[in-house]
Amino acid sequence: MTNIKIGEKHLVIKVVAMPRDTNPSGDMFGGWIVSQMDLAGALLARQITKKRIVTVSIDNLVFHKPVHVGDCVICYAALEKTGRTSITVRIDVHVERRSNFVEEKVTEGRFVFVAVDPDNTPIPYADA
């Protein structure tokens with residue numbers, strides 16, 4: 001296990017929002033944002049455990065503001081808690097607006113990952 005501490009915020013992903021992932025209104029699809037969040041959470045969780053992990057739940061997902069094409073999407077991840085087999089990660093998504101380069105929070109949520117064996121059975125994420 002690494003020395004990632006509960007509550008520490010880590011910059012995990014920074015990517016530019018592109019036109020191919022927009023909805024008919026021209027904003028980014030919520031599903032695209034959630035997939036970026038899932039990736040960010042998994043990247044932090046795999047730093048904590050070297051075992052295979054899977055996403056088992058998403059909780060308290062809130063979209064505060066839209067993401068526009070050309071915005072720089074920034075995913076911050078923080079370890080919230082650990083269980084015997086699970087790792088809970090809070091993800092905050094900010095954007096740096098293309099129009100004015102101001103960073104603002106647009107989405108937040110909590111993702112739970114579970115360590116699994118090759119048969120997808122939950123296992124302790126940390127070696128005892």
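The values are calculated or read from the model by the stated rules, or taken from the named source; none is laboratory data. These numbers were taken from a predicted model, which means no experiment stands behind them. Every residue, glycine as well, gets a Cβ built from its backbone with ideal geometry; the counts of neighbours run over all protein chains shown.
Of a type in the set (Lys, Arg), modelled with pLDDT of 95 or more, buried (at least 16 other Cβ atoms within 10 Å of the Cβ) and within 28 Å of ILE4 (Cα to Cα): does that describe ARG97? No.
If you check ILE74, ILE87, ILE91 for being closer than 15 Å to GLY7 by Cα and out of contact with any Gly (no Cβ under 7 Å at 6 or more places or on another chain), only one passes: ILE87.
For ASP59, the conditions (1) surrounded by 17 or more Cβ atoms within 10 Å (Cβ to Cβ); (2) more than 22 Å from GLU103 (Cα to Cα); (3) among the acidic types (Asp, Glu) all hold with the exception of (1). Can you find even one residue in the stretch 30-43 that is of a type in the set (D, E, K, R), closer than 16 Å to GLY109 by Cα, at pLDDT 95 or above and exposed (fewer than 13 other Cβ atoms within 10 Å of the Cβ)? Checking the stretch 30-43: not a single residue is of a type in the set (D, E, K, R), closer than 16 Å to GLY109 by Cα, at pLDDT 95 or above and exposed (fewer than 13 other Cβ atoms within 10 Å of the Cβ).
When residues in the stretch 66-80 are screened for being closer than 21 Å to ASN23 by Cβ and either within 16 Å of the chain's Cα centre (by Cα) or surrounded by fewer than 20 Cβ atoms within 10 Å (Cβ to Cβ) (or both), 9 of them pass.
Only one of the numbered conditions (1) surrounded by fewer than 20 Cβ atoms within 10 Å (Cβ to Cβ); (2) within 19 Å of the chain's Cα centre (by Cα) is not met by VAL106, and that is (1). When ILE13, ILE58 are checked against the criterion of being closer than 14 Å to THR107 by Cβ, assigned to a strand (DSSP E or B) and in contact with a Phe, Trp or Tyr (Cβ under 7 Å, 6 or more places away or on another chain), ILE58 stands alone in meeting it.
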